[in-house]
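Have a look at the structure below before the remarks.
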Amino acid sequence: MSQENASDDFDWVTAQARCSAAMMFERLRTRVREDVQRAGTCRFVVGEAVYSDWELRRMALEQLFFEESEEPE
């Protein structure tokens, strides 16, 4: 912080204590976690369509699991 922008009662001790590598990493980690939580639900985009993960799994496996196969008799 430049001296021109600092007030006469600037708490430089607290500011310096918050500027350790461990504190900065923790602050970054916390803010990234908050960003991820705000970003909410991820979706798969296939062409123009948007699918959740369960829909994509269903599309891939439904026929395999639930369609009758034609087995030779």
For a quick check of your reading of the model, give me the residue pairs whose first member lies in the stretch 30-46 and is touching a residue at least 12 places away in the same chain (Cβ under 8 Å) and under 15 Å from Arg57 (Cβ atoms), whose second is surrounded by 10 or more Cβ atoms within 10 Å (Cβ to Cβ) and not aromatic (Phe, Trp, Tyr), with beta-carbon atoms closer than 9 Å and at least 6 apart or on different chains. Phe44/Val50; Phe44/Ser52; Phe44/Asp53; Phe44/Glu55; Phe44/Leu56
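When the stretch 14-53 is examined, which residues are found to be of a type in the set (Asp, Glu) and surrounded by 11 or more Cβ atoms within 10 Å (Cβ to Cβ)? Spell out the reasoning first.
Quick first cut of the stretch 14-53, residues of a type in the set (Asp, Glu) only: 26, 34-35, 48, 53.
Selection gives Glu26, Asp53.
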Identify, by number, the condition in (1) loosely packed, with under 10 Cβ neighbours inside 10 Å; (2) in a helix (DSSP H, G or I) that Leu56 doesn't meet. (1)
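Suppose we keep only residues that are assigned to a loop (DSSP other than H, G, I, E, B) and either among the acidic types (Asp, Glu) or modelled with pLDDT under 85 (or both) within the stretch 8-18. Which one would you say is farthest from the chain's Cα centre (by Cα)? Write out each step before concluding.
Residues of the stretch 8-18 that are assigned to a loop (DSSP other than H, G, I, E, B), as a first pass: 8-11, 18.
Narrowing the set further to residues that are either among the acidic types (Asp, Glu) or modelled with pLDDT under 85 (or both) leaves 8-9, 11, 18.
Working: Asp8: 40, Asp9: 39, Asp11: 34, Arg18: 25 Å.
That would be Asp8.
Given the structure, is Phe25 modelled with pLDDT of 90 or more and outside any helix (DSSP H, G or I)?
Details: modelled with pLDDT of 90 or more: yes; outside any helix (DSSP H, G or I): no.
Judged against the criteria, Phe25 is not a match.
Before we move on, is Val46 within 17 Å of the chain's Cα centre (by Cα), modelled with pLDDT of 90 or more and among the aliphatic types (A, V, I, L, M)?
It is false that Val46 is within 17 Å of the chain's Cα centre (by Cα), modelled with pLDDT of 90 or more and among the aliphatic types (A, V, I, L, M).
The values are calculated or read from the model by the stated rules, or taken from the named source; none is laboratory data. In this text, all values refer to a predicted model and were calculated from it rather than measured experimentally. Every residue, glycine among them, receives a Cβ derived from its backbone with ideal geometry; neighbour counts consider all protein chains shown.
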